[in-house]
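To keep things clear, I will list the structure first and then write my remarks on it.
The values are calculated or read from the model by the stated rules, or taken from the named source; none is laboratory data. Please read all numbers here as calculations on a predicted model, not as lab measurements. Every residue, glycine as well, gets a Cβ built from its backbone with ideal geometry; the counts of neighbours run over all protein chains shown. Please note that ligands, DNA and RNA were not included when accessible areas were found on the heavy atoms of the full protein model with its side chains. Shrake-Rupley method; radii C 1.70, N 1.55, O 1.52, S 1.80 Å.
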Amino acid sequence: MGVCGLVFKCLLSYMLTGSLRASLNTFPAGGRCERVEESYIMKICVVAASLVLAQGVVNAGQVRVWGDREDSIRMAGETAKFRTGVGGEFKIEVLSGFAGKTDRVSDKIGLTAGGRTFQAFCVELDEFVWNPGNTYSFDKRLDDVARLGGANTNSGDRLSLETAYLYTQFRAGKLSGFNYASGASREQFADNLQHAFWTLEQEFSNNDNTQAKVLSRLANKGKGQAAAWASEAYAAVANGWGANGHNVRVLNIFVDHNRDGVMNGNDSFAQSQLTLIPLPGTAALSLAGMCVLGARRRRM
């Protein structure tokens, strides 16, 4: 259990049993003791919330580690309803561990609801996933770096802010013009979005490193909707989106031949997928709210 988990556990114990009151029995009864308790617990809350924020904020160069063991996912069969070619979108079922947030808007519209599933797109063009139903392990690190994926990602390829923006909008069900209803139309939109991701991540060419080159590449491929989304993403980033971090991460998946829980050269690497983690502020605000509630209960 992490530091935040321990603090939270202690705080919850205090709220339920009042054990902290016994530890302060050297103070006289009455308002003085209550004020000391409230002050003390609020100090704990400030520290705990700060730790949650510090662990969750992700800016350039930071790595957030979520897992402590080998975890696994499965490509769900429903993927076939909205996937064309070798790209996404994909429906991922989480079998064990934390692979990202599930049950978001994009995961339910036009799809079968329920279960620990989420919709994803890949960020590597030179790796593949196999038939629906196949199970994969995933790297313990959930950060914003695609790893071991060929020429562009063997040394680590950090996600662009434009990719993060588009995936955030997609998962929220707010991507402009995207038809979330399952069927042929969704397949076409998903194919355009996948090409936007690949191009923004320079999977077709390392030379696609400017907005003009990205838009030209997409236009030449006949992906007009993808070009429109890329333009929207560039504009959002130029206006400050993502400047203070974001919650889009890369799920680096692989077939673990050694069964050692470590992604290394002895394994078969598969297409790294996009995923979402909880926003750091959400956890901190929830914790702060529980703190205030606990303090008020003690005063009653």
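Below, the figures for the structure above:
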read-out	value
Using θ = phi - 60° and Karplus 6.51 cos²θ - 1.76 cosθ + 1.60, couplings along the stretch 200-212 (whole Hz; Gly, Pro as x)	4, 8, 6, 6, 7, 6, 5, 7, 7, 10, 9, 4, 4
Under-5 Å amide H pairs with Lys101, H placed in peptide plane, nonlocal only	Leu276, Ile277
Inter-label distance, nm, simple model (7 Å from Cα along the C-beta direction), Ser176/Arg74	4.0
Normalised contact order of the stretch 166-216, rounded percent, pairs of Cα under 8 Å and 6 or more residues apart	16
Accessible carbon and sulfur surface of the stretch 196-248 relative to its total accessible area, %, 1.4 Å	42
Peptide ranges 228-240, 164-176, 206-218, 245-257 listed from the most packed, as the mean C-beta count within 10 angstrom indicates	245-257, 164-176, 228-240, 206-218
Anisotropy class of the stretch 180-248 from Cα gyration tensor, a/c 1.5 cut	oblate
Ranking by accessible area, most exposed first, for Ile73, Ile109 with a 1.4 Å probe	Ile109, Ile73
